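The values are calculated or read from the model by the stated rules, or taken from the named source; none is laboratory data. Just so it is clear, the model here is predicted, and its values are computed rather than measured. Cβ sites come from the backbone with ideal geometry, for glycine too, and all protein chains shown count toward neighbours. The protein model used for the area step is the full one, side chains on, heavy atoms only, and it has no ligands, DNA or RNA in it. Shrake-Rupley method; radii C 1.70, N 1.55, O 1.52, S 1.80 Å.
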Amino acid sequence: MDRGLRVREAGSRRRSLPNARKAVRRASSARPAGRRISRTARTQAFAIVAGATLDRYGPKYVVPIGILLTAIGAILFGLGSASGAELGRVLQGAGSAFAFTGAVYLASHGFTSAWLATAVGFTQCFGMLGGSAGQFAVGPMIHGLISWQQFWIISGILLLVVAVMALISTPSGHDARPGGSGSLLSMFKPYKVV
């Protein structure tokens, strides 16, 4: 291969990462620090909403909706605009709040109490492995094989497939909870004790 061609290709790969950094920086610095913290707190609060929703409606539709939110967020992030990146981050945070909560819910209903801690441990292990894969697998991938935008869009499409698979394979039954037929706010009644 011609040396000049290799230099031009390497330069185009290097330019794609700074563009990604600039888009994320613009999206995160467009707000004062207090508003960024507020956005993070809202995203983390979705874990409570996820748990209460799972308790009220069960996992059949709730878990796939969480995956769908994450998929839409990934695709929006991959579009590369600052506003799309910001909305995509919020949707990914909201959707991913259903991941661990939904996995623990399914484990607690699918395993006996003798195996529940092991099932939750596996869930935590694979979640952490997925997070570390961003360092050793995704980093080199977006520096050579595909652009960061392509990565996010492909990830979103794969998550859409996972959402459909989860909808098909997730059991529909769940425990009846007291107040299950009341208003939507009644699902937060147990938190009054806390």
(message) Let me confirm something: among Gly78, Gly66, Gly102, Gly88, which residue is open to solvent by less than 10 Å² (accessible area, probe 1.4 Å) and out of contact with any Phe, Trp or Tyr (no Cβ under 7 Å at 6 or more places or on another chain)?
(response) Gly102
(message) Restricting to the stretch 127-161, name every residue that is surrounded by fewer than 15 Cβ atoms within 10 Å (Cβ to Cβ) and either within 14 Å of the chain's Cα centre (by Cα) or on the phi > 0 side of the Ramachandran plot (or both).
(response) Gly127, Met128, Gly130, Gly131, Gly134, Ile157, Leu158
(request) Only one of these is touching a residue at least 60 places away in the same chain (Cβ under 8 Å) and in contact with a His (Cβ under 7 Å, 6 or more places away or on another chain): Gly78, Gly73, Gly58. Name it. (result) Gly58
(message) Taking the criterion of being open to solvent by 60 Å² or more (accessible area, probe 1.4 Å), farther than 20 Å from Phe100 by Cβ and at pLDDT 85 or above, would at least one residue in the stretch 114-125 satisfy it?
(response) yes
(request) Just one of (1) surrounded by 15 or more Cβ atoms within 10 Å (Cβ to Cβ); (2) under 29 Å from Lys192 (Cβ atoms); (3) at pLDDT below 85 trips up Arg42, so point out which. (result) (1)
